[in-house]
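The values are calculated or read from the model by the stated rules, or taken from the named source; none is laboratory data. What you are looking at is a predicted structure, and each value in this text was computed from that prediction instead of being measured. Note that each Cβ is placed from the backbone with ideal geometry, even for glycine, and that neighbours are counted across all protein chains shown.
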Amino acid sequence: MGDENPPSGQSLVPPASPPPSAVVAAGDEETRVLLRGLLRLHHFQVLGEAEGSSRTLELVRQHHPSIVVADVNLAEGSFATLVADARSADPHVRIVLVAPASRPQPAAVGPSVPDAILYRPFRIRQFAEALRAPGSPTPPL
(Lines give C-alpha, C1' and ligand atoms only; values in the text may rest on other atoms or scores of the structure.)
Protein backbone atom coordinates (compact mmCIF):
# COMPACT_ATOMS: atom_id res chain seq x y z
CA MET A 1 0.00 0.00 0.00
CA GLY A 2 1.09 3.57 -0.69
CA ASP A 3 2.02 6.16 1.86
CA GLU A 4 -1.17 7.64 3.36
CA ASN A 5 0.57 10.74 4.73
CA PRO A 6 0.55 13.92 2.66
CA PRO A 7 3.87 15.48 1.63
CA SER A 8 5.46 17.64 4.30
CA GLY A 9 3.66 20.95 4.79
CA GLN A 10 0.43 19.77 3.15
CA SER A 11 -2.82 18.71 4.76
CA LEU A 12 -5.51 16.23 3.80
CA VAL A 13 -8.09 18.73 5.03
CA PRO A 14 -8.95 21.41 2.46
CA PRO A 15 -8.36 24.96 3.72
CA ALA A 16 -11.41 26.54 5.29
CA SER A 17 -12.70 29.68 3.67
CA PRO A 18 -12.25 32.74 5.85
CA PRO A 19 -15.32 33.88 7.76
CA PRO A 20 -17.20 36.88 6.43
CA SER A 21 -15.89 40.11 7.90
CA ALA A 22 -17.57 43.18 9.33
CA VAL A 23 -17.03 46.70 10.59
CA VAL A 24 -19.37 48.11 13.26
CA ALA A 25 -20.27 51.80 13.53
CA ALA A 26 -22.35 53.33 16.31
CA GLY A 27 -22.11 56.47 18.41
CA ASP A 28 -22.43 54.67 21.74
CA GLU A 29 -20.52 51.78 23.26
CA GLU A 30 -23.63 49.76 24.21
CA THR A 31 -24.85 49.62 20.61
CA ARG A 32 -21.41 48.65 19.32
CA VAL A 33 -21.21 45.83 21.89
CA LEU A 34 -24.66 44.57 20.90
CA LEU A 35 -23.94 44.67 17.15
CA ARG A 36 -20.51 43.06 17.61
CA GLY A 37 -22.08 40.24 19.64
CA LEU A 38 -24.78 39.63 17.04
CA LEU A 39 -22.22 39.57 14.24
CA ARG A 40 -20.06 37.06 16.11
CA LEU A 41 -23.14 34.95 16.82
CA HIS A 42 -23.55 34.74 13.04
CA HIS A 43 -19.88 33.79 12.52
CA PHE A 44 -18.62 37.16 11.29
CA GLN A 45 -15.10 38.32 12.08
CA VAL A 46 -15.37 41.88 13.40
CA LEU A 47 -12.39 43.77 11.97
CA GLY A 48 -12.99 47.05 13.72
CA GLU A 49 -15.41 49.41 15.41
CA ALA A 50 -15.95 53.14 15.12
CA GLU A 51 -18.02 55.89 16.72
CA GLY A 52 -18.33 58.03 13.60
CA SER A 53 -18.36 57.98 9.83
CA SER A 54 -14.73 59.13 9.30
CA ARG A 55 -13.21 56.27 11.29
CA THR A 56 -15.67 53.79 9.77
CA LEU A 57 -14.58 54.86 6.30
CA GLU A 58 -10.91 54.42 7.29
CA LEU A 59 -11.69 50.87 8.42
CA VAL A 60 -13.53 50.10 5.16
CA ARG A 61 -10.57 51.36 3.12
CA GLN A 62 -8.07 49.45 5.25
CA HIS A 63 -9.86 46.09 5.63
CA HIS A 64 -12.44 45.83 2.81
CA PRO A 65 -14.99 44.04 5.01
CA SER A 66 -17.86 41.98 3.64
CA ILE A 67 -20.35 44.19 5.48
CA VAL A 68 -20.67 47.39 7.50
CA VAL A 69 -23.35 47.41 10.19
CA ALA A 70 -23.98 51.01 11.24
CA ASP A 71 -26.38 52.60 13.67
CA VAL A 72 -27.85 55.82 12.30
CA ASN A 73 -26.86 57.59 15.53
CA LEU A 74 -23.17 58.20 14.86
CA ALA A 75 -21.02 60.37 17.14
CA GLU A 76 -19.64 62.18 14.08
CA GLY A 77 -20.88 62.47 10.53
CA SER A 78 -24.10 61.12 9.12
CA PHE A 79 -25.25 57.71 8.00
CA ALA A 80 -26.11 59.16 4.59
CA THR A 81 -22.54 60.32 4.06
CA LEU A 82 -21.23 57.04 5.40
CA VAL A 83 -23.26 55.01 2.90
CA ALA A 84 -22.14 57.14 -0.06
CA ASP A 85 -18.47 57.25 0.99
CA ALA A 86 -18.27 53.55 1.88
CA ARG A 87 -19.75 52.61 -1.52
CA SER A 88 -17.21 54.90 -3.18
CA ALA A 89 -14.33 53.29 -1.24
CA ASP A 90 -15.52 49.72 -1.85
CA PRO A 91 -18.46 49.18 -4.23
CA HIS A 92 -18.80 45.55 -3.07
CA VAL A 93 -19.27 46.21 0.64
CA ARG A 94 -22.75 45.46 1.96
CA ILE A 95 -24.22 48.08 4.28
CA VAL A 96 -26.87 47.48 6.92
CA LEU A 97 -28.28 50.44 8.82
CA VAL A 98 -29.91 50.13 12.24
CA ALA A 99 -32.49 52.81 13.10
CA PRO A 100 -35.00 53.48 15.86
CA ALA A 101 -38.55 52.46 14.97
CA SER A 102 -39.75 56.02 15.57
CA ARG A 103 -37.34 57.52 13.03
CA PRO A 104 -38.59 58.04 9.47
CA GLN A 105 -37.08 55.69 6.91
CA PRO A 106 -33.69 57.05 5.78
CA ALA A 107 -33.77 58.40 2.24
CA ALA A 108 -31.69 56.84 -0.51
CA VAL A 109 -28.34 58.51 -1.01
CA GLY A 110 -28.23 59.03 -4.77
CA PRO A 111 -27.31 55.74 -6.42
CA SER A 112 -25.87 54.51 -3.12
CA VAL A 113 -28.46 52.94 -0.87
CA PRO A 114 -28.03 50.61 2.10
CA ASP A 115 -28.59 46.92 1.45
CA ALA A 116 -30.92 46.69 4.43
CA ILE A 117 -32.42 48.84 7.16
CA LEU A 118 -33.32 47.29 10.51
CA TYR A 119 -35.69 49.11 12.83
CA ARG A 120 -35.28 48.62 16.58
CA PRO A 121 -36.42 46.53 18.19
CA PHE A 122 -35.65 43.74 15.74
CA ARG A 123 -35.56 39.99 16.05
CA ILE A 124 -32.36 37.98 15.66
CA ARG A 125 -33.86 36.33 12.57
CA GLN A 126 -34.34 39.76 10.95
CA PHE A 127 -30.70 40.58 11.71
CA ALA A 128 -29.59 37.29 10.12
CA GLU A 129 -31.63 38.02 7.00
CA ALA A 130 -30.13 41.51 6.72
CA LEU A 131 -26.61 40.04 6.87
CA ARG A 132 -27.29 37.55 4.12
CA ALA A 133 -25.80 38.42 0.77
CA PRO A 134 -28.20 38.02 -2.16
CA GLY A 135 -28.27 34.43 -3.37
CA SER A 136 -26.59 33.00 -0.26
CA PRO A 137 -28.19 30.65 2.26
CA THR A 138 -29.63 32.09 5.45
CA PRO A 139 -26.89 32.34 8.09
CA PRO A 140 -27.23 29.94 11.03
CA LEU A 141 -28.72 31.32 14.23
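crowded, with 17+ Cβ neighbours inside 10 Å and at pLDDT 90 or above: which single residue out of VAL109, VAL96 fits that description? Reasoning before the result, please.
On the way: VAL109 fails: at pLDDT 90 or above.
Exactly one residue qualifies, and that residue is VAL96.
For segment 127-140, state whether one or more residues are among the basic types (Lys, Arg), in contact with a Ser or Thr (Cβ under 8 Å, 6 or more places away or on another chain) and modelled with pLDDT under 90. Show your work before the answer.
Within segment 127-140, the subset among the basic types (Lys, Arg) is 132.
Subset that is in contact with a Ser or Thr (Cβ under 8 Å, 6 or more places away or on another chain): 132.
Restricting the remaining residues to those that are modelled with pLDDT under 90 gives 132.
Yes: one or more hits.
Starting from segment 38-59, keep only residues that are in contact (Cβ under 8 Å) with a residue 12 or more places away in the chain, then list their pairs with residues that are among the basic types (Lys, Arg) whose Cβ atoms are within a distance under 6 Å, requiring at least 6 positions of separation or different chains.
Short answer, once both residue conditions are applied: VAL46/ARG36; GLU49/ARG32.
List the number of the failed condition for ARG61; all other conditions in (1) over 11 Å from the mean Cα position of the chain (by Cα); (2) charged (D, E, K, R); (3) farther than 15 Å from ILE95 by Cα hold.
Tallying (1) over 11 Å from the mean Cα position of the chain (by Cα); (2) charged (D, E, K, R); (3) farther than 15 Å from ILE95 by Cα, ARG61 fails exactly one: (3).
Have a look at LEU12, LEU74, LEU35 and point out the one that is modelled with pLDDT of 95 or more and of a type in the set (A, V, I, L, M).
LEU35
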